[in-house]
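Single-structure report; data block below.
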Amino acid sequence: MRSLALLMACALSASVSLSVKADSFYQVPLTADAREFARLDTKLPAVLSYFSRQSLNELQDFYLQQLGEPDNSAIIHGRLNLYYRVNQQQVRILISEQNEWRQVDIMVQ
């Protein structure tokens, strides 16, 4: 939970002029317009956070097309949480509004 709080604090202070890094994270795809701003991947649980201009519905559709139907989904504290299993690993994708951008946090356990 402290890692998530740290990521949220970084998101609020991060500049939106960051560059695009990779197209996937632990085989979880990133959108073409992903602007990565945080990555903790030296050990599990691993976290990658990025900004996207796509709408919440577009992002939800993207992950539906790329990963299929989530095992579970819920809106918690105004954030869409999508739960998947990718290559035997638990994956949670959080999508939230950040001004005119959407923040996507991918957590792999």
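The values are calculated or read from the model by the stated rules, or taken from the named source; none is laboratory data. As the structure is a computational prediction, the values presented were derived from the model and not from experiment. Cβ sites come from the backbone with ideal geometry, for glycine too, and all protein chains shown count toward neighbours. Surface accessibility is based on the protein's heavy atoms, side chains included, excluding ligands, DNA and RNA. Shrake-Rupley method; radii C 1.70, N 1.55, O 1.52, S 1.80 Å.
Taking the stated definitions as given, is Asn99 at pLDDT below 95, within 20 Å of Asp23 (Cβ to Cβ) and open to solvent by 90 Å² or more (accessible area, probe 1.4 Å)?
no
Give me the residue from region 47-66 that is under 19 Å from Ser24 (Cα atoms) and without any contact (Cβ under 8 Å) to a residue 40 or more places away in the chain and, out of that set, most open to solvent (accessible area, probe 1.4 Å).
My answer is Gln65.
Has region 83-95 got at least one residue that is in contact with a Ser or Thr (Cβ under 8 Å, 6 or more places away or on another chain) and in contact (Cβ under 8 Å) with a residue 12 or more places away in the chain?
Yes, that holds for at least one residue.
Based on what the data block shows, is Glu58 acidic (Asp, Glu) and assigned to a helix (DSSP H, G or I)?
When the stated conditions are applied, Glu58 passes them.
Quick one: Lys43 ticks every box in (1) open to solvent by 50 Å² or more (accessible area, probe 1.4 Å); (2) basic (Lys, Arg); (3) under 14 Å from the mean Cα position of the chain (by Cα) except a single one, so which number is it?
Of everything listed in (1) open to solvent by 50 Å² or more (accessible area, probe 1.4 Å); (2) basic (Lys, Arg); (3) under 14 Å from the mean Cα position of the chain (by Cα), Lys43 misses just condition (3).
Of all residues in region 26-38, count the ones that are open to solvent by 50 Å² or more (accessible area, probe 1.4 Å) and at pLDDT 95 or above.
Within region 26-38, residues that are open to solvent by 50 Å² or more (accessible area, probe 1.4 Å) and at pLDDT 95 or above number 2.
Could you list, in sequence order, the residues of region 67-93 that are in a strand (DSSP E or B), of a type outside the set (Gly, Ala, Ser) and open to solvent by 10 Å² or more (accessible area, probe 1.4 Å)?
Residues satisfying the conditions are Asn72, Ile75, Ile76, Arg79, Leu80, Tyr83, Tyr84, Arg85, Val86, Gln89, Gln90, Arg92.
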